[in-house]
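The values are calculated or read from the model by the stated rules, or taken from the named source; none is laboratory data. These figures come from a predicted structure and were not determined experimentally. Cβ: placed from backbone, ideal geometry, glycine included. Neighbour counts: every protein chain shown.
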């Protein structure tokens, strides 16, 4: 942005910068959506999780911050950023969201969104944001951002280059999810719907396939056994619900640790490679197969450790439960929408079609091949992200 061809200007000298209401209008069952920072996701407005306000409240907010086509919104609180170029499908109000009303004869919307995502803007935002866990940036800071004041045609040219690069990144990001869909299709083709059992596999109870009756399942330690003050900065890893992806993968790094001496006291809750970790409270039923080699670790309070014997492969059971959700048995107790939980007793009595072990091994080999392809894709995506960051840096230094 310091390129001699470009001069800089304060954002408010070019753009009308406003923000949404800071109040919380009364909620109603039906009305106008109230968009907040959490609803700005991946360059779009997510209306699936909004509250609604009355027409009277909407009109009041609209006086200060009415949103039009071509405006740009940006989160000001929590996860700062996530800019969105508005393409209106309906009227809505905004709260704690920045509103940039772009003069179309001077500022290209796509260019401005890329600019808000650029390192130069982020350096300014990081320097001037406030708050601890709940970060926020003020309207004053946004109005005083230094932005390039360059011809509209030049903005459009840069935006077109970055748009094409971003479209390529989006395709690469979608590829691993497509592999997951393919894996699910292969699973259903090999084993069929467990509720129908078209292959005629024998029905078994899960507890019959535990490594042994004592160690088959284990709930995490209760609060009295592992207290908050006993967590340390590093040491033996503690599995938490955050370490399980909804798609059935481990999520690293760990963020909770205990000392070696505490681990020895809680050894009964330890985790071995090939164990299945299952969330048992709140978001019930998230699960993954553990792969840590010989590194020691334990489960936390809201997890169950499932340890199977040699006749049921962990990847088969996890795939069965994730790809055929609700087709075997509801894992959680309590009503939907309320805080839910599950017990080891539910797992003990779980009945399902049991396929031959050689067929399980065939599926495990396919999953292994898919996982290796996903690792390659993710590595390529990392390289692409680095190239995009370099391209973005050059773009806003006037070097494209």
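When the residues of segment 238-250 are filtered to those that are crowded, with 16+ Cβ neighbours inside 10 Å and assigned to a loop (DSSP other than H, G, I, E, B), the one that is farthest from the chain's Cα centre (by Cα) is 240. Just one of the numbered conditions (1) surrounded by 16 or more Cβ atoms within 10 Å (Cβ to Cβ); (2) at pLDDT below 85; (3) over 23 Å from residue 284 (Cα atoms) is not true of residue 400: (1). Summed over segment 285-331, the residues that are in contact with a helix residue (DSSP H, G or I) (Cβ under 7 Å, 6 or more places away or on another chain) and either within 18 Å of residue 356 (Cβ to Cβ) or free of Cβ contacts under 8 Å to residues at least 12 places away in the same chain (or both) give a count of 8. Take the residues of segment 337-373 that are under 30 Å from residue 49 (Cα atoms) and without any contact (Cβ under 8 Å) to a residue 40 or more places away in the chain: which is surrounded by the most Cβ atoms within 10 Å (Cβ to Cβ)? Among those residues, the one meeting the criterion is 338. Taking (1) under 30 Å from residue 378 (Cα atoms); (2) at pLDDT 90 or above; (3) touching a helix residue (DSSP H, G or I) at 6+ places or on another chain (Cβ under 9 Å) in turn, residue 247 satisfies each apart from (2). All of 202, 148, 194 fail the test of being within 19 Å of residue 360 (Cα to Cα) and surrounded by 16 or more Cβ atoms within 10 Å (Cβ to Cβ), apart from 194.
Residues in segment 64-89 that are modelled with pLDDT under 90 and more than 20 Å from residue 145 (Cα to Cα): 64, 88, 89. Please determine whether any residue of segment 103-125 is free of Cβ contacts under 8 Å to residues at least 24 places away in the same chain and either assigned to a strand (DSSP E or B) or in contact with a strand residue (DSSP E or B) (Cβ under 6 Å, 6 or more places away or on another chain) (or both). Scanning segment 103-125 turns up no residue that is free of Cβ contacts under 8 Å to residues at least 24 places away in the same chain and either assigned to a strand (DSSP E or B) or in contact with a strand residue (DSSP E or B) (Cβ under 6 Å, 6 or more places away or on another chain) (or both).
Only residues that are farther than 30 Å from residue 179 by Cβ, in contact with a strand residue (DSSP E or B) (Cβ under 8 Å, 6 or more places away or on another chain) and surrounded by 10 or more Cβ atoms within 10 Å (Cβ to Cβ) were counted across segment 208-237, and they come to 14.
Listed here are the residues, each with its yes/no results for (1) touching a helix residue (DSSP H, G or I) at 6+ places or on another chain (Cβ under 9 Å); (2) within 26 Å of residue 376 (Cα to Cα); (3) in a loop (DSSP other than H, G, I, E, B).
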position	(1), (2), (3)
174	no, yes, no
184	yes, yes, no
229	no, no, no
262	yes, no, no
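Take the conditions (1) buried (at least 19 other Cβ atoms within 10 Å of the Cβ); (2) within 21 Å of residue 153 (Cα to Cα); (3) touching a helix residue (DSSP H, G or I) at 6+ places or on another chain (Cβ under 8 Å); residue 109 misses just one of them, which is (3).
Across segment 166-188, a minimum of one residue is classified as within 25 Å of residue 124 (Cα to Cα), surrounded by 14 or more Cβ atoms within 10 Å (Cβ to Cβ) and touching a residue at least 24 places away in the same chain (Cβ under 8 Å).
Collect the residues in segment 252-276 that are buried (at least 16 other Cβ atoms within 10 Å of the Cβ) and under 23 Å from residue 367 (Cα atoms), keeping them in residue-number order. Selection gives 271, 275, 276. For segment 48-87, taking the residues that are more than 30 Å from the chain's Cα centre (by Cα) and surrounded by 18 or more Cβ atoms within 10 Å (Cβ to Cβ), the one that is nearest to residue 123 (Cα to Cα) is identified as 61. Within segment 374-384, restricting attention to residues that are farther than 19 Å from residue 316 by Cα and in contact with a helix residue (DSSP H, G or I) (Cβ under 7 Å, 6 or more places away or on another chain), the residue that is surrounded by the fewest Cβ atoms within 10 Å (Cβ to Cβ) is 380. Among the residues making up segment 24-41, those that are free of Cβ contacts under 8 Å to residues at least 40 places away in the same chain and touching a helix residue (DSSP H, G or I) at 6+ places or on another chain (Cβ under 9 Å) are 26, 28, 31, 39.
Exactly one residue out of 234, 207 is within 30 Å of residue 270 (Cβ to Cβ), in the same structural domain as residue 275 (by TED's automatic domain parsing) and not in a helix (DSSP H, G or I): that is 234. So which of 345, 368 ends up being modelled with pLDDT of 90 or more, out of contact with any helix residue (DSSP H, G or I) (no Cβ under 6 Å at 6 or more places or on another chain) and either over 26 Å from residue 280 (Cα atoms) or assigned to a helix (DSSP H, G or I) (or both)? Selected residue: 368, the only one of 345, 368 that is modelled with pLDDT of 90 or more, out of contact with any helix residue (DSSP H, G or I) (no Cβ under 6 Å at 6 or more places or on another chain) and either over 26 Å from residue 280 (Cα atoms) or assigned to a helix (DSSP H, G or I) (or both). When restricted to residues that are under 16 Å from residue 217 (Cβ atoms) and either at pLDDT 95 or above or surrounded by fewer than 20 Cβ atoms within 10 Å (Cβ to Cβ) (or both), segment 319-331 contains 1.
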